[in-house]
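Taken together, the values in this text are just the output of simple stated rules run on the coordinates, not laboratory data. Remember, it's a predicted structure, so these values are computed and weren't measured experimentally. So basically every Cβ, Gly included, is an ideal-geometry build from the backbone, and we count neighbours across all protein chains shown.
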Amino acid sequence: MNKTQRFLRDNIGFFFVLPWLIGFLIFKAYPFVSSLYYSFTDYDLFKGISKYTFENYVNVFANKQERTALIITFKYAFMTVPLKLVSALFIAYILNFKIKGVNFFRTAYYIPSILGGSVAIAVLWRALFKDGGLIAMILGRIGIESPKFFTDNNWALFMVCLLRVWQFGSAMVIFLAALKGVPTELYESAAIDGAGKWRQFFKITVPLITPVIFYNLITQLVAAFQEFNGPFIITKGGPRGSTTLMSLLVYNNAFGGAYKMGKASAQAWVLFVILVIFTAISFWSQKHWVYYADEDGR
Amino acid sequence: MSENTKTKTLKAAQISLRRKRIASLTIRYLVLVAVGIFMVYPLVWMVGATFKNNSEIFSSMNPIPMNPTFEGYKGAMVTYGGAINIWKAMLNTYTYLIPEVIFTVVSSVLTAYGFGRFKFKGRDIMFSMLMAMLFLPQVVLNVPQFLLYNKLGWIGSPLYLPLIVPTLFASETYFVFMLIQFLRNIPKELEEAAKIDGCNAMQTLVKIVVPMLMPAIASCALFKFMWTSNDFMGPLLYVKSPAKYPATIFVRLSMDAESGFEWNKVLAISLISILPNIAVFFAAQNQFVEGISAGGVKG
């Protein structure tokens, strides 16, 4: 066996990951780095780059429209993620009691999540909540004047949020699997000690499934900060920009007719840095509240 | 206290306990049913609405149509601008969906096998890059990827190159991660035996590893199917000619073109576009639930 053959034999694994490596370099690493570079330019798709500048970043905070989009993105994420996780955990907790028809309910709750990303469901949402739509009619029947869900600034963002909260099913399924792993003896002994259901929930259930809460929190935060389809399809960012999340602004600047690639890149990077900060905070804070069963001495 | 009163109090306590249990069970079911209605009613209503005429759709809560009509479905077959209708749009979706699913599964399995079973130069640094990709949000990649594909002349490609080509290179990091996790729980003895019997690494992968990985592979394929058929942003950026529009873009187009009236038609188009997803979900429900709870999947 010569040198080359031996090298090949010892590094055979490399050839299996080679396709991934090529794709990583071309479709992930290069775009990632180049977008950082573009973000410091005035890159226009047709005019190219004429100067290097910090303006794009300054504008994200100085320009009112961009600052508003940033604030709306935070509002949206901080509304959607807690509502979604609390509903998911609450329903999973109820389903985890020995209840007949668990599978039926689980399926019913899970369907919106699996279909919910589709444009079809966004269309359905419009039909339900539009002026003169189904919900407006139902409210009218019981004598309540329906709010203008999509044309009232105060409602539109909440409606987009509600579409995602409605899809709590996937988070619920993950919670349910975690709850199944909590030993029932713990509940029994707690019950003997006189702990009620609520106390059991907060003192036993929640602490034991913190790794899963943590996991759901991160994935949902990352998804919420990048939300695009909901507001883009249902409200088109309106009314009066009240559902223009950062991701929509990025889209509008880059692809919506302006072709300002530099500006859009900077906005995307601000969003990215925010996500990195939140992920870092979550990871850093996890040692204070996440409980891993296999850790020694805890 | 006499024996008699003792049993009486005990009995009363038992009865009150049972009552309490029944009460709490009832509350639980009430909550479950109420939430269930909130979850399912919109979907049921949607199905019903596609068979209603437009004056009935928003005038009754009842999902069952009073005067069933196929008006909506007839309208749904209309061709827009002489170029595209719902069937063609769905065909377009599957033109890139099927290759995407196959390529994703194959390339992800290869990558996971390489990382999960071998040591090689630079493995650790590459593995941390892979993990980092789990946290790299797509939003920061959209603009530069568009520019890259633009340079390559792939924008508006009739072959959907920007959508398909990256999947050849295990672009869905999450699946690679999930498969590696799954591999860790599979004992290596069989593979070692195969090696002794003279199988090379590739043969071992195909004959031993893939069959054992099958449940995880099925989950990957199913989730990729759902995500790709729901993908809106990708086609929005990279598909330029109406004749090539996939279902997601077509559904949105039909809503924008019709908003105001003809909701039965718009909802019929929407429903047709997700029928395959509904069928796949019900056929492979447990796979989805297991897949999602095994490692947790976004969605």
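Results, tabulated for the structure shown:
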{"quantity": "Net charge dipole size for region B:173-285 [Lys, Arg +1 and Asp, Glu -1 on Cβ; Debye, nearest 20]", "calculated": "140"}
{"quantity": "Positive-pole candidate from B:14, B:32, B:4, dipole of region B:3-49, charges at beta carbon", "calculated": "B:4"}
{"quantity": "Taking chain A and dividing mean pair separation by its residue count, relative contact order in percent (alpha carbons under 8 Å, at least six apart)", "calculated": "27"}
{"quantity": "Region A:82-199 - convex hull of alpha carbons, volume per residue in Å³", "calculated": "150"}
{"quantity": "10 Å binning of all Cα-Cα separations within the protein assembly as shown, expressed as whole percents from 0 upward", "calculated": "3, 14, 24, 26, 18, 9, 4, 1, 0, 0"}
{"quantity": "Rough spin-label spacing in nm, given labels placed 7 Å along Cα→Cβ, for residue B:17 and residue A:138", "calculated": "4.1"}
{"quantity": "Fluctuation leader among B:174, B:245, B:41 - chain B, Gaussian network, Cα springs under 10 angstrom", "calculated": "B:41"}
{"quantity": "Average silhouette area of chain A, convex hull of alpha-carbon atoms, in square nanometres", "calculated": "25.3"}
{"quantity": "Fluctuation leader among B:39, B:214, B:233 - chain B, Gaussian network, Cα springs under 10 angstrom", "calculated": "B:39"}
{"quantity": "Qualifying lysines (Cα of each under 30 Å from Cα of residue B:11; at least 8 residues distant if same chain)", "calculated": "A:98, A:100, A:197, B:20"}
{"quantity": "Total charge dipole magnitude, the protein assembly as shown, about the Cα centre, Cβ charges on Lys, Arg, Asp, Glu only, Debye to nearest 20", "calculated": "800"}
{"quantity": "Cα gyration tensor shape for region B:133-173, rounded if a/c is under 1.5, else prolate or oblate", "calculated": "oblate"}
{"quantity": "Lysine pairs meeting the criterion (Cα under 17 Å, 8 or more apart or interchain), as found in region B:75-295", "calculated": "8"}
{"quantity": "Cα convex hull volume per residue for region A:1-100 (Å³)", "calculated": "267"}
{"quantity": "Length-normalised contact order for region B:75-295 - Cα pairs under 8 Å, 6+ apart - percent", "calculated": "34"}
{"quantity": "Region B:47-130 - percent relative contact order, Cα under 8 Å, separation 6 or more", "calculated": "18"}
{"quantity": "Normalised alpha carbon radius of gyration of region A:116-168 [divisor 2.2 N^0.38 Å]", "calculated": "1.14"}
{"quantity": "Stretch in chain A that is longest and holds no GluC sites (Glu not before Pro) that DSSP places in a loop and that have at most 14 other beta carbons within 10 Å", "calculated": "A:146-294"}
{"quantity": "Among A:73, A:149, A:182 - extreme Cα towards positive end, dipole of region A:63-289, charges at beta-carbon", "calculated": "A:149"}
{"quantity": "Range of Cα positions in region B:75-295 per principal axis (Å), largest first", "calculated": "68, 41, 29"}
{"quantity": "Amide H within-cut-off set for residue A:41, under 5 Å, with H built and near neighbours excluded", "calculated": "A:53"}
{"quantity": "Kyte-Doolittle mean at least -1.0, axial Cα span of 24 Å or more - DSSP H helices of chain B", "calculated": "B:3-49, B:86-117, B:210-230, B:263-283"}
